[in-house]
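Comments concern the structure below.
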Amino acid sequence: MKEDIEIPVVKGVYIAVVKEWNEEFLAQDWNSYIINDRDTAIEMVLVVTKGYDEERKTSLLRHGIGKVEPKSFAKIEMLQEELLAMNNEFSVTFFVDNKLYDKKYIFKKHSINEKAFEEIPIMNQQGIYVK
């Protein structure tokens with residue numbers, strides 16, 4: 001029975017955090033994005049985020065992204081500066097060809113910083129991403 005259950009492996013979907021200029025507040029913000037580097041769209045995308053460390057944890061935030069086209073990206077949320085000192089977890093669930101995919105992406109505490117910047121696929125920006 002158990003061996004009959006297929007658990008599909010998530011490939012080509014990443015979570016990225018980039019530092020961007022916010023025109024409204026005239027400041028730099030840390031924003032998180034989901035990146036679809038696949039050749040097919042991902043649908044009914046749901047992202048649940050939380051921050052935590054040894055002493056504290058944030059509330060769970062749920063984001064219904066919907067559809068992310070192939071070779072594109074969508075914004076998830078802004079991360080406040082205080083959250084960078086915590087582990088940041090992104091639980092991503094989506095459908096492709098009527099199959100449910102699920103994966104957790106974790107940015108370890110203090111890993112989101114400008115010294116760790118690298119080129120992010122699809123976005124053509126500098127930032128941090130988790131595969």
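Net charge around MET44, counting only other residues with Cβ within less than 14 Å of its Cβ (Lys, Arg = +1; Asp, Glu = -1)?
Values: positive: ARG62, LYS67, LYS99; negative: GLU43, GLU69, ASP97, ASP102.
After counting each charged neighbour, the total is -1.
Shown here for the stretch 21-97: GluC sites (Glu not before Pro) in loop regions (DSSP other than H, G, I, E, B) with at most 11 other Cβ atoms within 10 Å, namely GLU23, GLU24, GLU54, GLU55.
What is the stretch 35-131 by shape, rounded, prolate or oblate, if you read a ≥ b ≥ c off the alpha carbon gyration tensor as root eigenvalues and call it rounded for a/c under 1.5, prolate for a/b larger than b/c, and oblate otherwise?
On the way: a/c = 2.40, a/b = 1.38, b/c = 1.75.
Oblate, since a/c reaches 1.5 and b/c is not below a/b.
Under the rule a/c < 1.5 gives rounded, and otherwise a/b versus b/c splits prolate from oblate, where does the stretch 1-68 land using the Cα gyration tensor?
Details: a/c = 2.69, a/b = 1.51, b/c = 1.79.
Oblate, because a/c is 1.5 or more while a/b does not exceed b/c.
For LYS67, the amide hydrogen comes within under 5 Å of the amide hydrogens of MET44, VAL45, counting only partners 5 or more places away or on other chains and with H modelled in the peptide plane.
Per-residue 3J(HN,Hα) values for the stretch 31-45, derived from phi via the Karplus relation 6.51 cos²θ - 1.76 cosθ + 1.60 with θ = phi - 60°, read 10, 9, 9, 9, 10, 9, 9, 7, 8, 10, 6, 10, 10, 6, 6 Hz in sequence order (x marks Gly and Pro). The 3J(HN,Hα) values that the Karplus relation (6.51, -1.76, 1.60; θ = phi - 60°) gives for the stretch 10-18 are, in residue order, 7, 9, x, 10, 10, 10, 10, 10, 10 Hz. Gly and Pro appear as x.
From the alpha carbon centroid of the stretch 67-131 to that of the stretch 9-27 is 7 Å.
Readers should treat all values here as calculations from the given coordinates under stated rules, not as data from a laboratory. Being a predicted model, the structure only gives us computed values, none of them experimental. Positions of Cβ are generated from backbone atoms using ideal geometry, with glycine treated the same way; all protein chains shown enter the neighbour counts.
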